[in-house]
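Here's the structure we're looking at; comments come further down.
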Amino acid sequence: MSAKDPKGRKGEGKRAHSCGLTSDALQRGFDGEGGAQDVASHVAGCDPCGSALELLQTQRDAVQFLTASAAVTAPHTAVEQILAGSARAGREKLADLLYELAKACLIVLPNLKRRIERKVEPREVPVVSSELRSINSRLEKVDGAIALRDVPQQTPEETRALKVARSCLTILDNVEGASERQQLAWSQVLIFEGKPAEAEVALRQLLSNGISAGNQLHVLRNTMMSLNRQRRYAESVEFAETALHQCPNDCVLLYNLSVALASLRDLDNFKRASSRFARLDQKNVPEWLRHLVSIEAENFADRLSMSKTEVLEYFGLEPARGAVS
C-alpha cells in the first residue's frame with residue numbers, strides 16, 4: 001500500500017486480462033455508449049472470452065462457480081469479470097445480464113436484425129450503461145474496478161455471435177431454468193442456426209404450458225417463422241388463422257402469412273393478406289419490417305408472376321426511386 005494509493009490498488013487500471021482488456025479501458029466502455037452490445041461484440045470476437053463461456057456451460061451451478069472461482073483467483077477474461085460481478089449481486093442479476101448479452105448478440109447482426117422476431121428491442125443505451133456502472137461500482141469495492149476496452153465496432157461474424165448467444169442461454173438455463181424468456185430467445189438461436197424444427201418444439205411447448213400475455217404474440221410470430229423455415233407453408237397458413245384471430249392487426253403475423261401464401265403461389269389470398277397489411281396504421285409497422293418487405297418484394301413477384309411494383313403497392317409501400325419492376 002502506498003501514500004498515492006491508500007487502497008493498495010495502484011496499477012490495477014493497467015492490469016490486462018488474457019483477452020487483452022485492461023482495467024481502465026474496460027471502465028471507459030462501462031461509462032460510454034454501447035453497453036451490453038459492446039460487451040457482446042467483444043465476446044463474439046474474443047477467443048479467451050468464448051472459451052470462458054464454454055467452460056461455464058459445463059458447470060452445474062453457474063452462480064457458485066463464478067463466486068467461488070473469483071474468490072480464489074482473479075478472472076482472466078472480461079466476460080468472467082462481468083459475470084462474476086453480477087453473480088455476487090445475486091442469481092437474478094446474473095440471469096438478467098446473461099439474457100441481455102444473448103439478446104445483444106442477436107440484435108447487432110444485420111441479417112438477424114432485419115428478420116428476427118424479438119421479444120423486445122434492446123434497452124436504451126443510458127439504461128444499460130447505468131446498470132453496468134452499478135455493477136462496476138460493486139466490483140470496485142471487492143476487486144478493483146475493471147473497465148471495458150474500446151471494443152472493435154465492426155459486426156462480429158454471425159456464427160460466432162450465435163455461438164455466444166447459445167452459450168449465454170445455456171448458462172441462463174442453469175441459473176433460472178427453462179423460463180419463458182430463455183426458451184423464447186433459445187428458439188431464435190435455433191431458427192438462425194438452421195434448426196427451425198427444434199425451435200418449433202420449444203415454442204409449441206411454451207404455448208401448451210400457457211404463455212404470459214406479454215410473450216404470447218412473440219411466440220406466435222416465431223412459431224410461424226419456424227414453420228415457414230421448414231417450408232410447411234400450408235400448416236403456417238392454418239396456424240396464422242388462429243394467431244390472427246387472437247391478434248388481428250399484427251403486422252408481423254400478416255407478413256409471415258404473406259410469405260407462406262406466396263410460397264404456395266396462392267395469388268388471391270396473398271393479395272388479401274398483403275392488402276390487409278396495407279390497411280394497418282403504418283405508424284405501428286416497424287421500419288425493419290418495411291425494409292424487409294422491400295427486400296423480399298422481388299421474391300414475391302417471381303413466385304406470383306407479378307411485378308415488384310405491384311407487390312409493394314399491395315403492401316401499401318412505394319417503390320424506391322429508380323427501382324426497376
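When the Cα centres of the range 266-293 and the range 160-215 are compared, how far apart do they sit, in Å?
27
Determine, for H245, H76, the number of other Cβ atoms within 10 Å of each Cβ, and report the residues in order from fewest to most. Write out the running numbers ahead of the final one.
Working: H245 8, H76 16.
Ascending number of Cβ neighbours within 10 Å: H245, H76.
Out of the trypsin sites (Lys or Arg not before Pro) in the range 169-262, which ones are loop residues according to DSSP with at most 16 other C-beta atoms within 10 Å? Mind dumping the intermediate values first?
Numbers: sites: R181, R204, R221, R229, R231, R232; in loops: R231, R232.
Taking the range 169-262 and a limit of 16 other Cβ atoms within 10 Å, the loop trypsin sites (Lys or Arg not before Pro) found are R231.
Going through the range 234-325, which trypsin sites (Lys or Arg not before Pro) have at most 13 other Cβ atoms within 10 Å and a DSSP loop state?
On the way: sites: R265, K271, R272, R276, R279, K283, R290, R303, K308, R321; in loops: R265, R279, R321.
Qualifying residues, ordered by number: R265, R279, R321.
Hey, for a label at N299 modelled as a point 7 Å past Cα toward Cβ, could you say which residues of the range 244-262 have their backbone N under 20 Å away?
Taking a point 7 Å out along Cα→Cβ of N299, the residues of the range 244-262 whose backbone N falls under 20 Å are 251-262.
Give me F65, F277, F192 ranked fewest to most by other Cβ atoms within 10 Å of their Cβ, as a rough exposure proxy. Don't skip to the end; give the middle numbers.
On the way: F65 19, F277 25, F192 22.
So the residues, fewest neighbours to most, are F65, F192, F277.
Can you pull the three principal axis extents for the Cα set of the range 219-283, in Å, largest first?
Computed over the Cα atoms, the extents are 31, 27, 17 Å.
Could you put I295, I82 in order, starting from the residue whose Cβ has the fewest other Cβ atoms within 10 Å?
Working: I295 11, I82 26.
With the fewest neighbours first, I295, I82 line up as I295, I82.
Just so you know, all these numbers are worked out from the coordinates, no wet-lab data involved. On a predicted model such as this, the values are computed, not experimentally measured, just so you know. A quick note on method: Cβ atoms are made from the backbone with ideal geometry, for glycine too, and the neighbour counts reach across all protein chains shown.
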